[in-house]
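Working notes for the structure below.
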Amino acid sequence: MVLSIVIPVYNEEERIVSLLEKLVSLSLPVFIKDIEIILVDDFSNDRSLQRARDFAETNPVISIMSLPVNMGKGAAVKAGFAAAKGDVFLVQDADLELTPEDIPSMLITMRELNVQFINGSRYMPGINRPVSSYSRYLANRFFTFISSVLINVKLTDMACGYKLIHRDLYKQLSLHENRFGFEAELILKALRIKRNNVAEVPVRY
């Protein structure tokens, strides 16, 4: 299995090198035979793109793309997926709010459960997380609850940035959202195709 990690980036010059260092040094399960890291810069106006290019010069698994104008996270992810050569695609946010050390458990769960979509969850039991905006937390939990009721599938974190999807499933989806609504569109349309094809994995925040 080949893993494609797609990183949408907008103004993350302080964190991007640290993230790339973590990804290239990550210990992956033995069934991952190869990896590619595709960074898609969404027309940053800081030094994110240059720092990523400098790092990629000595790391051939990393490729760099840049959008001609700021188009949003969804557009950046879709551009990366279109260029990806892997069997499975992972969305990795550039802000390091989610730790790459949780990627192996997502991959192992996908393989063990034989599902094509893994949704990361910051709200599953047993996960330590910092205090965050209560209104933002409530909005996410309310939206996740309503979506779960409407599609009759229990979810805990619709808005989590970690999404792992198999190429075969992604090819069946027609996605239109270019900004942050992309995450909800991706998982809801995947669930419409096959409800028992999605699993959640706890991730640290």
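Go through 80-88, 66-74, 22-30 and give me the packing order, highest mean Cβ count within 10 Å leading.
80-88, 66-74, 22-30
Given a 1.4 angstrom probe, I'd like the percentage of the accessible area of the chain that is carbon and sulfur, rounded to a whole number.
53
Angle check, please: helix 134-151 long axis (alpha carbons) against the longest principal axis of the chain (alpha carbons), in degrees 0 to 90, nearest 10.
60
In this model, which of Lys85/Lys189; Lys163/Lys194; Lys22/Lys85; Lys171/Lys194 are farther than 19 Å apart at the alpha-carbon?
Pairs exceeding the cut-off: Lys85/Lys189; Lys22/Lys85.
For a quick check of your reading of the filter: which chymotrypsin sites (Phe, Trp or Tyr not before Pro) in segment 27-80 sit in a DSSP loop and have no more than 12 other Cβ atoms within 10 Å?
Phe31
Kirkwood Rh over alpha-carbon pairs of the chain, then Stokes-Einstein at 10 °C and 1.306 mPa s: what D in µm² s⁻¹, rounded to an integer?
After rounding, the answer is 92 µm²/s.
What ranking of Glu36, Glu112, Glu177 comes out by heavy-atom accessible area, probe 1.4 Å, highest first?
Largest to smallest exposure gives the sequence Glu112, Glu177, Glu36.
Please compute the per residue accessible area over the chain with all protein chains in place, 1.4 Å probe, rounded to a whole number of Å².
I get 50 Å² per residue for the chain.
What does the charge count around Leu188 come to, taking other residues whose C-beta lies under 13 Å from its C-beta (Lys +1, Arg +1, Asp -1, Glu -1)?
Residues close to Leu188 contribute a combined charge of +2.
Sum up the charges of everything whose Cβ sits under 12 Å from the Cβ of Glu177, counting Lys and Arg as +1 and Asp and Glu as -1, but leave Glu177 out.
Values: positive: Lys73, Lys78, Arg179, Lys189; negative: Glu183, Glu185.
My count for the surroundings of Glu177 gives +2.
Any idea how far apart Asn197 and Ser105 come out in nm if each label point goes 7 Å out from Cα toward Cβ?
Distance between the two pseudo-spin positions: 2.6 nm.
Can you give me the angle between helix 73-83 and the longest principal axis of the chain, using Cα atoms only, in degrees from 0 to 90, rounded to the nearest 10?
70
For the chain, what does -39500 (n - 2.57) per DSSP helix run (n ≥ 4), summed and divided by total residues, give at 222 nm, in deg cm²/dmol to the nearest 500?
So the helix-based figure for the chain works out to -11000 deg cm²/dmol.
Enter the angle in degrees (range 0 to 90, nearest 10) between the Cα long axis of helix 103-113 and the first principal axis of the Cα atoms of the chain, meaning the one along which they spread out most.
40
Considering every Cα-Cα pair within segment 40-130, what fraction, in whole percent, is farther apart than 18 Å?
More than 18 Å apart: 58 percent of the Cα pairs in segment 40-130.
Two decimals is fine: what's Rg over Rh for segment 59-105, C-alpha atoms, Kirkwood radius as Rh? Could you put the intermediate results ahead of the total?
Values: Rg = 12.1 Å, Rh = 12.5 Å.
When Rh is taken as the Kirkwood radius, the ratio is 0.97.
The values are calculated or read from the model by the stated rules, or taken from the named source; none is laboratory data. Nothing here was measured: the structure is a model prediction, and the numbers come from that model. All Cβ positions, glycine included, derive from the backbone under ideal geometry; neighbour counts span all protein chains shown. Note: areas computed on protein heavy atoms with side chains; ligands, DNA, RNA excluded. Shrake-Rupley method; radii C 1.70, N 1.55, O 1.52, S 1.80 Å.
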